[in-house]
Amino acid sequence: MITVVTGLVTVVAWMSLIRPHHSHFSQLEVDNKQTTQRIAELQRKVLQVLPSELHVRPSNLRAFSVAEFVGESRGELLKWQPENKEGVLEILLPWEELPGLFTRLAEYRVVSGHSFTITAQGDLLKLIMKMEFSDES
């Protein structure tokens, strides 16, 4: 009788306690494997980027020019408010110019940081960008 009860308790314990955790660990292993594969895929993509695309040579960097920056972005200047080592820029620009805008921003030697807000304005984007400038040397 005690053997039967012990067997029943063992089966119940297995069904209610151990088996669900085992199943959960199996799912975690699958998730971990998928995540590892995704990371490896992303690492391969990063390694395919040409070194020239990763870094802008400091010798090629230009001083920041609002007129040049807005013009190259095919934008319309709404507001430029420079103050000490900061500035607020508001422009309207075509949607397709947005990705290249940040590449162009990286080409200026004195822009050290920025934050931005983008809103739709009909067929255009309104970009409000707060920029920080480093000392020009």
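The values are calculated or read from the model by the stated rules, or taken from the named source; none is laboratory data. All values derive from a computational prediction rather than experimental measurement. Methodologically, a virtual Cβ is constructed for each residue, glycine included, from the backbone with ideal geometry; neighbour enumeration extends over all protein chains shown.
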*asked:* Can you say whether E72 is farther than 17 Å from M131 by Cα and touching a residue at least 24 places away in the same chain (Cβ under 8 Å), as far as the supplied structure shows?
replied: yes
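Conditions (1) polar (S, T, N, Q); (2) within 23 Å of A106 (Cβ to Cβ); (3) at pLDDT below 75, marked per residue:
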residue	(1), (2), (3)
I2	no, no, no
T10	yes, no, no
R19	no, no, yes
S23	yes, no, yes
K33	no, no, no
E41	no, no, no
Q48	yes, yes, yes
E53	no, yes, yes
N60	yes, yes, yes
